[in-house]
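Engineer: What follows is a structure written as structure tokens; I'll ask about it next.
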Amino acid sequence: MTNTPLDDKQDQTQPRVIAELRGVTKRFGTVLAADNLNLSIGEGEFLSFLGPSGCGKTTALRMLAGFEAPTEGDVLLDGAVVNEIEAHRRPVNMVFQHYALFPHMTVAENIGFGLRQMRPRMAKGEISDKVRRALDLVRLPGFEDRRIWEMSGGQQQRVALARAVVNEPKMLLLDEPLAALDRKLRKEMQIELQNIQRSLGITFILVTHDQEEALSMSDRICIMRDGRIVQIGTPQELYDQPISRYVADFVGTSNFFDGTLEAGSGAIAGVKLANGITLGGRPVGAIAAGDPVSLSVRPEQIGLTRKQGGAGALPVTVRNRIFLGEHTEYLVRHETLGEFFVLAPRQSELSEGPFNSGEGLFASWDATAALVLTRK
Amino acid sequence: MSRRIRNFLLLAPAGAWFLVMLVLPLAVVIIFSFGERGPAGGYVPAFTLAQYANLPARWAAFRNTMMLAPTGTVAALVIAYPLAYFLAVRVSARWKMTLLVLVIVPFWTSILIRSYAWIFLLGGRGIPALLDLIGISDLRLINTPFAVLVGIVYGYLPLMVFPIYVSLDRLDKRLLEAAADLGARPWAAFVQITLPMSIPGIATGCMLVFILLMGEYLIPALLGGGKVFFVGNALVDLFLQSRNWAFGSAVAATLVIVMLVTVSIYMRLMARLGNGRDDVSLM
Ligand SMILES: Nc1ncnc2c1ncn2[C@@H]1O[C@H](COP(=O)(O)OP(=O)(O)OP(=O)(O)O)[C@@H](O)[C@H]1O
Ligand SMILES: [Mg+2]
């Protein structure tokens, strides 16, 4: 059941490969920051790196930008190995996680820096035009003459974004470029970034902690862990077919019930949970009987009802109700399985009415909607 | 304790020191400069501008000081900058401390002894003798302005190296990555990022060296051999040899004024250079 989304993607659209990592490993002393990374990025693609702090996302970007040379393996840009090519010769721009704005320059001078390095020289008027448009884009019109330290963190981050975007590079590397922005502004910037990406056909590589951001913006997402790529795929693929509990946990929210895989094969396998209950689910990947696994059930896959359900229904008590507008989220508790989340759409509330805290209900889901995932 | 009393207590030692060691002597010098020389030297109270009228007699000392102090400062800067850059940017953390100590080591020996070493090196049996071997003969180095320049640059180099080193060491190296990322070649990145960011260090170093050079007297006395003398040498002569305290005071007061004027012009310039910067303070 191992999926190969990379191949799927290329079969569909056949994008020209603009950047590639081939067996790239990076060691800092004894720290393995990147471990045999293999990845090819299509022209005009929007790819995100998603993973916990310290998993090597920034390191991967830095090798593409040319600040670090791989310890092993090759970095390719446009089909040529660029391991030895310095950063200033690569047609790539980066938005740094720490902004790295030049403190002795104004906002306009910062943004125009890349344009001023271009040879043949770009006319002054053209530079200031582009700078002004870049400032409009990041919602900072009229900030040209401000000094960097006169700006808030979020404003500085937008200047960093403008400084990279204004050069219209072939590939833009964004290291958590929106992390300091409030929700509304972040949404706006996400839309602007998508517009830029589509209209200019720039390849985007985005590093983010925000899974919602990755899911909503990316063509493909690359889930990382301890310097390794765990899974690459479209947001849909990662959401529907995660290859491990780790991925399922990172993409969307899910309820996990830990247990061991019971013998048996076929579309549905049994998982023996700690409390002795056995629940069915769709096994994913190479797992064998006796392996430690998790049964993963998305909150929206679970149905709640007051009526005594079928054989598989679990008796639960409502602990919390969280109104989310379109949906209502319930935190429910099963005597031995513990607490888990259920996301109920509005319609079902119309039929059964909202459930109250403390109410006894029955929770059930389709066994094919539950995934049996390795815990490794 | 009220804030005012606390501030007063904090400032009192420095204030007392300032008053006793700086303001009082300066006041004495100014009063003396309007007096007259006693018959057996020293000072006789009077009010006359005669001493100031006599200043042109010491014109050579002022000229030498005003030529060699700026030249020495610039020469020290030119030599110190690459050294400081090397120490701050190129040397690995392991070697930094060792090399920094090596820069200070000369300070551990008296400038007197070091200058004697230079007297030998620049004297007839030193470098000129070596040059003689390759056919450059009859070159006189000792007792020339060049010898004095060599001496002061050598003596004050560490004072120039350190402030520049500090400003370069503090420079966020990630800014250079950002510059490279935006397409700046190494030299362009140096000119546009490193150099402007190190201006505070340059300004401080130049200021330190320049002010000290204006008052220098030991090095010109040793390496200038009485031919290349600074205002400092003139003062030693006037106070200790000819015991003309009144004229000496006038020369000293003039030196202070010249210093104040040059330093304030310099600060003005620096303030303009650093206009609107707050990432760095220039002084
Ligand atoms: N220059 C370096 N020297 C030594 N170790 C490093 C260096 N740069 C990164 N590392 C280590 O490599 C690993 C990956 O770091 P990296 O910065 O790529 O993480 P990240 O995924 O970007 O994390 P975050 O989300 O917190 O930014 C970390 O363990 C880090 O400590
Ligand atoms: Mg990072």
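Engineer: For the range A:52-72, give me the residue count where each residue is surrounded by 19 or more Cβ atoms within 10 Å (Cβ to Cβ) and on the phi > 0 side of the Ramachandran plot.
Structural biologist: Number satisfying all stated conditions: 2.
Engineer: Let me ask something additional. Scan the range A:279-328 residue by residue and report those that are open to solvent by 30 Å² or more (accessible area, probe 1.4 Å), within 28 Å of A:Arg346 (Cβ to Cβ) and part of a loop (DSSP other than H, G, I, E, B).
Structural biologist: A:Arg306, A:Lys307, A:Gln308, A:Gly309, A:Gly310, A:Gly312, A:Leu324, A:Glu326, listed by residue number.
Engineer: Does A:Phe96 qualify as being touching a strand residue (DSSP E or B) at 6+ places or on another chain (Cβ under 7 Å) and either of a type outside the set (A, V, I, L, M) or within 12 Å of ligand 1 (Cβ to nearest atom) (or both)? Quick ask: steps written out before the conclusion?
Structural biologist: Numbers: touching a strand residue (DSSP E or B) at 6+ places or on another chain (Cβ under 7 Å): yes; either of a type outside the set (A, V, I, L, M) or within 12 Å of ligand 1 (Cβ to nearest atom) (or both): yes.
Yes: the conditions hold for A:Phe96.
Engineer: Next up: Exactly one condition in (1) within 14 Å of chain B (Cβ to nearest Cβ); (2) surrounded by fewer than 21 Cβ atoms within 10 Å (Cβ to Cβ); (3) farther than 25 Å from B:Val191 by Cβ is not met by A:Asp35; state its number.
Structural biologist: The failed condition is (1).
Engineer: Among the residues of the range A:19-32, which ones are open to solvent by 40 Å² or more (accessible area, probe 1.4 Å) and within 12 Å of ligand 1 (Cβ to nearest atom)?
Structural biologist: Of the range A:19-32, the ones open to solvent by 40 Å² or more (accessible area, probe 1.4 Å) are A:20, A:22, A:27-32.
Passing the criteria: A:Arg27, A:Phe28, A:Gly29, A:Thr30, A:Val31, A:Leu32.
Engineer: While we're on this one: Quick check on my filter: what residues within the range B:137-150 are within 17 Å of B:Pro70 (Cα to Cα) and touching a Pro at 6+ places or on another chain (Cβ under 8 Å)?
Structural biologist: Answer for the range B:137-150, where residues must be within 17 Å of B:Pro70 (Cα to Cα) and touching a Pro at 6+ places or on another chain (Cβ under 8 Å): just B:Val148.
Engineer: Give A:Gln97, A:Gln157, A:Gln194 a once-over and let me know the one that is farther than 26 Å from B:Ile199 by Cβ, of a type in the set (S, T, N, Q) and open to solvent by 40 Å² or more (accessible area, probe 1.4 Å).
Structural biologist: Working: A:Gln157 fails: open to solvent by 40 Å² or more (accessible area, probe 1.4 Å); A:Gln194 fails: open to solvent by 40 Å² or more (accessible area, probe 1.4 Å).
Answer to the selection: A:Gln97.
Engineer: Listed residues A:Glu150, A:Glu144; which is of a type in the set (Asp, Glu) and away from chain B (no Cβ under 13 Å)?
Structural biologist: Numbers: A:Glu150 fails: away from chain B (no Cβ under 13 Å).
Of the residues listed, the single one that is of a type in the set (Asp, Glu) and away from chain B (no Cβ under 13 Å) is A:Glu144.
Engineer: Just one of (1) assigned by TED's automatic domain parsing to the domain that holds A:Thr368; (2) under 24 Å from the mean Cα position of the chain (by Cα); (3) under 30 Å from A:Asn38 (Cβ atoms) trips up A:Pro299, so point out which.
Structural biologist: Against the list (1) assigned by TED's automatic domain parsing to the domain that holds A:Thr368; (2) under 24 Å from the mean Cα position of the chain (by Cα); (3) under 30 Å from A:Asn38 (Cβ atoms), A:Pro299 comes up short only on (3).
Engineer: Here's another thing I want to ask about it. Check whether at least one residue in the range A:213-229 is touching a residue at least 12 places away in the same chain (Cβ under 8 Å) and either within 14 Å of another protein chain (Cβ to nearest Cβ) or within 17 Å of A:Gly112 (Cβ to Cβ) (or both), and report yes or no.
Structural biologist: Initial filter on the range A:213-229 (touching a residue at least 12 places away in the same chain (Cβ under 8 Å)): A:213-229.
With the extra rule that they be either within 14 Å of another protein chain (Cβ to nearest Cβ) or within 17 Å of A:Gly112 (Cβ to Cβ) (or both), the set shrinks to none.
Within the range A:213-229, none of the residues are touching a residue at least 12 places away in the same chain (Cβ under 8 Å) and either within 14 Å of another protein chain (Cβ to nearest Cβ) or within 17 Å of A:Gly112 (Cβ to Cβ) (or both).
Engineer: Then there is this: Quick check: is even one residue across the range A:232-241 within 24 Å of A:Leu61 (Cβ to Cβ), at pLDDT 90 or above and open to solvent by less than 10 Å² (accessible area, probe 1.4 Å)?
Structural biologist: There is at least one residue in the range A:232-241 that is within 24 Å of A:Leu61 (Cβ to Cβ), at pLDDT 90 or above and open to solvent by less than 10 Å² (accessible area, probe 1.4 Å).
Engineer: Could you check A:Gln117 against (1) within 18 Å of A:Ala65 (Cα to Cα); (2) more than 14 Å from chain B (Cβ to nearest Cβ) and say which number it fails?
Structural biologist: That leaves (2) as the condition not met.
Engineer: Across the range A:163-177, what is the total count of residues that are open to solvent by less than 40 Å² (accessible area, probe 1.4 Å) and away from ligand 1 (no atom under 16 Å from the Cβ)?
Structural biologist: Qualifying residue count, the range A:163-177: 8.
Engineer: Could you tell me which numbered condition A:His104 fails, if it satisfies all but one of (1) more than 8 Å from chain B (Cβ to nearest Cβ); (2) under 26 Å from B:Leu195 (Cβ atoms); (3) crowded, with 18+ Cβ neighbours inside 10 Å?
Structural biologist: All conditions pass for A:His104, except number (1).
Engineer: Further question: Check every one of the helices (runs of 4 or more DSSP H) wholly within the range B:112-191 and list those with 2 or more residues that are farther than 21 Å from B:Ile202 by Cα.
Structural biologist: On the way: elements: B:127-133, B:145-170, B:173-181, B:186-189.
In the range B:112-191, the matching helices (runs of 4 or more DSSP H) lie at B:127-133, B:145-170, B:173-181.
Engineer: Right, another one. Return only the number of the condition from (1) within 30 Å of A:Tyr239 (Cα to Cα); (2) within 16 Å of ligand 1 (Cβ to nearest atom) that A:Ala160 does not satisfy.
Structural biologist: Of everything listed in (1) within 30 Å of A:Tyr239 (Cα to Cα); (2) within 16 Å of ligand 1 (Cβ to nearest atom), A:Ala160 misses just condition (1).
The values are calculated or read from the model by the stated rules, or taken from the named source; none is laboratory data. Please read all numbers here as calculations on a predicted model, not as lab measurements. Ideal geometry is used to build each Cβ from the backbone, glycine not excepted, and the neighbour counts take in all protein chains shown. Ligands, DNA and RNA are stripped out before the accessible areas are found, and what is left, the full protein with its side chains, is counted by its heavy atoms. Shrake-Rupley method; radii C 1.70, N 1.55, O 1.52, S 1.80 Å.
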